[in-house]
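The values are calculated or read from the model by the stated rules, or taken from the named source; none is laboratory data. Predicted model, so just to flag it, every value in this text is computed and none were measured. So basically every Cβ, Gly included, is an ideal-geometry build from the backbone, and we count neighbours across all protein chains shown. We work out accessible area using only protein heavy atoms, side chains counted, and drop any ligands, DNA or RNA first. Shrake-Rupley method; radii C 1.70, N 1.55, O 1.52, S 1.80 Å.
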Amino acid sequence: MSPKHSMGSGIRNMGTAVRPPATEAGYPWKTGDGRLRGGASVVVRGRESRPHGEGGQEVDRLSVTEKSADADARADKAWLLSVQRKLYQWSREHPEGTYRDVWNWITDIRNLRCAWRTVAANKGKRTPGIDGATVSRIRKQGADAYLERIREELRSGSYQPSPSRRVWIPKPGKPGKFRPLGIITVKDRIVQCAVKQIVEPLFEARFWHVSYGFRPGRSCHGALEHIRLAMRPTGKADDGKRHTFPCQYVIESDIKSCFDQISHHQAMERIRRRSGDRKVNRLILRFLKAGVLSEDQFVRTDTGTPQGGLSASSDKPPYLQ
């Protein structure tokens, strides 16, 4: 039997064969384009090897580095997913319980790296906060060292959120009307994302199935589809047609200045029902009280939360699938 069909690590699920590992350390293997991985390139047509240093060593080193980074990212994501599943399952089994120890998970470097990758992939990565820092600038200075400094600040208790930079954007379909948008620093985005990644499963497990606002994998389109299905007529009459409508009315409403009028006290009361970690709750309250910098003037935020901070992700997270 050939190695391709042998048992062991050479076989994946559904009988898919993979390349068996070489038995000799450092043994090069062909990539299919006439090059040996890990060695110098060979000029086949001229039957002459390139001089030392002009082969594919540098390309191979970059490839190994990229593969190592991808492996680290997958390992961090797998760790985070296991934590989220644990918290989600616990919240489902304890609907009235309060989880009291999530700080170590939030400040774990693996969680911060996952948060950094999320922020770096966001379309607002080029928009700086009041400190002027962008994702590209942080990446040039060294993202790993930057995340380590954030972790030390969180662990020591010296971390303090910065005020958000307020800009006014026009409301779509409403000429002459604007709504405030708070642009927070990249540093605060990373910390907020790190908190959200750990705390979100505790709340997601207890939301009503008809709730579609700022939840992962849900949107206004999903809410409209739910309404459409709820309004479908049920029950057939003698003529074979459906005449009974379960819902007679659809009411559309809007809360005026919803984000600006959110009570910090009531919001924290609801957070404390699920998250009993005092360090996490104090950090969330600091974000609510961070303030706003509008036209070079600092404005305290005794109520409300700035629009522009992190909300639920648009894609359905794996722990819900």
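In this structure, Gly97 qualifies as surrounded by fewer than 15 Cβ atoms within 10 Å (Cβ to Cβ), at pLDDT below 95 and more than 19 Å from the chain's Cα centre (by Cα).
Checked across segment 149-158, the condition of being open to solvent by 30 Å² or more (accessible area, probe 1.4 Å), farther than 24 Å from Lys77 by Cα, assigned to a loop (DSSP other than H, G, I, E, B) and touching a strand residue (DSSP E or B) at 6+ places or on another chain (Cβ under 8 Å) holds for no residue.
Is there a residue being closer than 22 Å to Arg74 by Cβ and open to solvent by 50 Å² or more (accessible area, probe 1.4 Å) anywhere in segment 124-134? Scanning segment 124-134, I find at least one residue that is closer than 22 Å to Arg74 by Cβ and open to solvent by 50 Å² or more (accessible area, probe 1.4 Å), so the answer is yes.
Lys86 meets all of the listed conditions (1) part of a helix (DSSP H, G or I); (2) under 16 Å from Ala205 (Cβ atoms); (3) in contact (Cβ under 8 Å) with a residue 60 or more places away in the chain but one, namely (3).
Given the condition at pLDDT below 85, among the small types (Gly, Ala, Ser) and exposed (fewer than 10 other Cβ atoms within 10 Å of the Cβ), answer yes or no: does some residue in segment 238-250 qualify? Yes, there is a match, as at least one residue in segment 238-250 is at pLDDT below 85, among the small types (Gly, Ala, Ser) and exposed (fewer than 10 other Cβ atoms within 10 Å of the Cβ).
Any residue that is within 25 Å of Glu269 (Cβ to Cβ), aromatic (Phe, Trp, Tyr), touching an Asp or Glu at 6+ places or on another chain (Cβ under 9 Å) and open to solvent by less than 70 Å² (accessible area, probe 1.4 Å) - is there at least one of those in segment 105-118?
Filtering segment 105-118 for residues within 25 Å of Glu269 (Cβ to Cβ) gives 105-107.
So of that shortlist, the ones also aromatic (Phe, Trp, Tyr) come out as 105.
Then drop every residue that is not touching an Asp or Glu at 6+ places or on another chain (Cβ under 9 Å), which leaves none.
Scanning segment 105-118 turns up no residue that is within 25 Å of Glu269 (Cβ to Cβ), aromatic (Phe, Trp, Tyr), touching an Asp or Glu at 6+ places or on another chain (Cβ under 9 Å) and open to solvent by less than 70 Å² (accessible area, probe 1.4 Å).
For segment 167-185, residues that are crowded, with 18+ Cβ neighbours inside 10 Å and out of contact with any Asp or Glu (no Cβ under 8 Å at 6 or more places or on another chain) total 3.
Number of residues in segment 68-98 that are within 13 Å of Arg113 (Cα to Cα), of a type in the set (Asp, Glu) and touching a helix residue (DSSP H, G or I) at 6+ places or on another chain (Cβ under 9 Å) equals 2.
Just so you know, in segment 273-321 the residues that are open to solvent by less than 30 Å² (accessible area, probe 1.4 Å) and on the phi > 0 side of the Ramachandran plot include one that is modelled with the highest pLDDT, and it is Gly291. The set of residues in segment 143-198 being in contact (Cβ under 8 Å) with a residue 24 or more places away in the chain and among the basic types (Lys, Arg) consists of Arg151, Arg155, Arg165, Arg166, Arg179, Lys187, Arg189, Lys196.
Sort out which residues of segment 117-142 are assigned to a helix (DSSP H, G or I), of a type outside the set (D, E, K, R) and out of contact with any helix residue (DSSP H, G or I) (no Cβ under 6 Å at 6 or more places or on another chain), and write them in order of number. Break it down stepwise before answering.
Here is the first cut: in segment 117-142, the residues assigned to a helix (DSSP H, G or I) are 117-120, 135-141.
Filter again for of a type outside the set (D, E, K, R), leaving 118-120, 135-136, 138, 141.
Passing the criteria: Ser136, Gln141.
Would you confirm whether or not segment 228-235 contains a residue that is open to solvent by less than 50 Å² (accessible area, probe 1.4 Å) and within 20 Å of the chain's Cα centre (by Cα)? No: segment 228-235 contains no residue that is open to solvent by less than 50 Å² (accessible area, probe 1.4 Å) and within 20 Å of the chain's Cα centre (by Cα). Taking each residue of segment 213-230 that is among the hydrophobic types (A, V, I, L, M, F, W, C) and looking for partners that are surrounded by 12 or more Cβ atoms within 10 Å (Cβ to Cβ) with beta-carbon atoms closer than 8 Å, six or more apart or interchain, yields Phe214/Ser311; Phe214/Ala312; Cys220/Tyr212; Ala223/Tyr212.
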